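The values are calculated or read from the model by the stated rules, or taken from the named source; none is laboratory data. The structure displayed is predicted, hence computed values, not measured ones. Note: ideal-geometry Cβ built from the backbone for every residue, glycine included; neighbour counts use all protein chains shown.
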Amino acid sequence: MKIIHSLEEMNIKEPIVFAIGFFDGIHKGHQEILNQTKKLAAKKSAKSGIITFYPHPLSVIFPENPVKLILTQTEKYEILKKYNLDIIIEIKPDIEFLHQSHEEFLNKLKKFSNLKGIIVGENFTFGYKGSGNAETMKKFFKNEVEVKKINLIKNTLTDNTVISSTNIRKFIADGNMREAMKFLGRPYFITDKIVHGFKRGSELLGIPTANLEYGFERMLPSDGVYATYIEVKGNKHPSITNIGTNPTFNDKERTIETFILDFDEEIYGQIVKLEWIEKVRDEIKFEKYQDLILQIKKDIEKAGEILKRSNNYIFKI
Ligand SMILES: Cc1cc2nc3c(=O)[nH]c(=O)nc-3n(C[C@H](O)[C@H](O)[C@H](O)COP(=O)(O)O)c2cc1C
Ligand SMILES: Nc1ncnc2c1ncn2[C@@H]1O[C@H](COP(=O)(O)OP(=O)(O)O)[C@@H](O)[C@H]1O
């Protein structure tokens with residue numbers, strides 16, 4: 001899976017089929033687009049690839065209010081690996097790119113004489129003020145390139161809500177991990193490094209908590225306590241995670257801290273994968289840290305039960 005950063009760098013000479021989109025979350029709708037891309041590529045004996053963007057176009061237009069992402073770039077590419085795409089074109093959109101007309105963008109694509117197919121979602125738009133969409137593409141390419149529009153997939157399991165990155169971000173922000181899981185087709189996860197905290201976990205509370213270092217672009221769940229799984233050095237363990245500002249200790253920073261059940265190892269510097277299964281409760285300010293200890297012990301028991309009950313959904317990235 002080769003990653004390049006402009007259409008001009010593309011040097012694949014064989015026939016090729018592209019999916020185009022931002023694909024934040026690679027949720028069930030995106031998964032359908034990627035599967036259809038592979039299928040169309042096979043039908044046309046073509047290579048397969050995606051044209052995607054980073055940063056998010058809306059973050060370029062509104063830099064003061066950047067889109068918080070479900071997946072970091074690294075996580076997105078880890079998931080994409082399993083689709084065995086031949087090439088990823090990751091365009092860095094600047095204002096000039098975003099202000100081009102949809103015809104200008106299509107003319108650039110037309111330069112690839114080996115382009116055989118394009119797959120986009122029903123809500124995909126491109127060009128200045130989103131004037132281009134799947135229909136514009138179909139008209140532009142006529143019969144030269146097969147343009148396929150994938151209809152939005154709805155969550156038939158519950159209320160037919162459209163599966164979209166925006167809806168998933170809302171679920172995560174509300175701590176509704178079960179709904180996020182249904183839309184993503186896997187638990188919401190983060191992959192980050194274990195860093196040092198204040199050492200209160202082992203020294204004061206007797207409950208060590210591994211702190212995950214996260215980036216500013218990451219979409220975060222609402223503050224509170226969650227039943228989670230953590231993958232450390234390739235092994236998956238039940239765990240319980242608190243995200244918040246530790247009001248009991250008047251901390252300033254928002255931290256993500258995980259107590260790993262039946263585990264006793266030093267893991268500073270490790271890159272871990274944390275899967276969020278279900279919210280247990282909101283974060284509370286305790287008057288005495290001794291009360292926090294008692295509550296955490298109850299939380300650990302509850303998380304253990306939740307994880308035992310839930311299907312142990314193993315998802316390897
Ligand atoms: C299961 C669990 C629940 C927690 N709940 C709260 C809480 O409700 N309020 C709070 O102030 N801190 C809570 N914490 C965070 C602790 O305050 C934090 O883990 C402790 O201060 C250790 O920090 P350190 O790793 O920086 O040493 C919780 C931690 C865990 C593991
Ligand atoms: N069961 C466990 N859960 C979480 N971390 C553990 C566990 N056992 C050992 N550790 C280690 O202890 C560290 C957390 O201890 P803690 O006193 O809270 O320190 P810090 O404040 O630096 O996070 C983790 O980063 C990890 O290296």
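General remarks:
- The set of residues in region 233-283 being among the aliphatic types (A, V, I, L, M), more than 8 Å from ligand 2 (Cβ to nearest atom) and buried (at least 16 other Cβ atoms within 10 Å of the Cβ) consists of Ile240, Ile243, Ile256, Val272, Leu274, Ile277, Val280.
- Flag if Gly121 is surrounded by 19 or more Cβ atoms within 10 Å (Cβ to Cβ), modelled with pLDDT under 95 and assigned by the TED database to the domain that holds Gln31: yes
- Residue identified as away from ligand 2 (no atom under 16 Å from the Cβ) and over 22 Å from Gly121 (Cα atoms) among Ser202, Ser222, Ser164: Ser222
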